[in-house]
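The values are calculated or read from the model by the stated rules, or taken from the named source; none is laboratory data. Small disclaimer: the values here were computed from a predicted structure and weren't measured. Cβ placement follows ideal geometry from the backbone for every residue including glycine, while neighbour counts extend to all protein chains displayed.
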């Protein structure tokens, strides 16, 4: 097969993956706390042709001698962009927005029969009955995953309450309807991620840490649980939500550029096929 056809075919398959990621970003433009993803391309293996009669650097030449003929590009990596999204006021009691980059709520998820910890910036919270007849309600995400306190336990309290406030440092105060009863106080589990690029997307606006032992990295090198005196670093705004950091204008521009690149490579395959047809006709 013609080398130009191979090069174009390789590149087109990778451009299709970029189109898929752009489409994913655009479809989540209204998803609370969503972080857009971007792609990085790298060059596939190339072949070196040393066809210069004299070995040496020509005067003014900035590249090595010879010709390097590649076979296309590949999708080197896809990375989540953790920049802060726009904060929108909702005035809803159970809505909260994390106002500082790198901070995440810890939630509990059941996977393969085990309870595991995941991380999210989706602050659209709800109350769900515990279901054991105790009359307690549990604080959960919009997908129904329990939100954890700083001790790693789900936050549950009596359903009969008159007011619920969330401070800027993640302290939840639940005031009972009966004023004679004491208020219940909980501390939201908030972590500061030092290396957010290590996070793996798990769907439902959740992230997970990889197997750090395989990477020879300690947990303390990746995240810090904001508790005790350092809870003052937490930034939470009640009655507001962080919107997606997707810029629709940027995504549309990226979409047009990627589509043009795809069309260019498709055209090169068509032209190469015509040239092969002409050659066969001459024979």
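Assorted remarks:
- Those strands (runs of 3 or more DSSP E) of region 123-192 in which at least 3 residues are touching a strand residue (DSSP E or B) at 6+ places or on another chain (Cβ under 6 Å) and more than 21 Å from residue 231 (Cα to Cα), considering only elements entirely within it, cover 126-129, 136-140, 161-166.
- The residue of region 177-199 that is nearest to the chain's Cα centre (by Cα), among those that are farther than 13 Å from residue 104 by Cα, modelled with pLDDT under 90 and surrounded by 12 or more Cβ atoms within 10 Å (Cβ to Cβ), is 198.
- The residue of region 68-119 that is nearest to residue 225 (Cα to Cα), among those that are outside any strand (DSSP E or B) and without any contact (Cβ under 8 Å) to a residue 60 or more places away in the chain, is 101.
- Where residue 235 falls short, out of the listed (1) touching a strand residue (DSSP E or B) at 6+ places or on another chain (Cβ under 7 Å); (2) exposed (fewer than 13 other Cβ atoms within 10 Å of the Cβ): (2)
- The set of residues from region 201-241 being farther than 21 Å from residue 124 by Cα, under 17 Å from the mean Cα position of the chain (by Cα) and not in a loop (DSSP other than H, G, I, E, B) comprises 222, 223.
- Taking the criterion of being without any contact (Cβ under 8 Å) to a residue 12 or more places away in the chain and within 27 Å of residue 174 (Cβ to Cβ), the residues of region 186-233 that qualify are 228, 229, 230.
- Filtered residue count, region 154-172, keeping only those that are out of contact with any helix residue (DSSP H, G or I) (no Cβ under 6 Å at 6 or more places or on another chain) and farther than 18 Å from residue 126 by Cβ: 4
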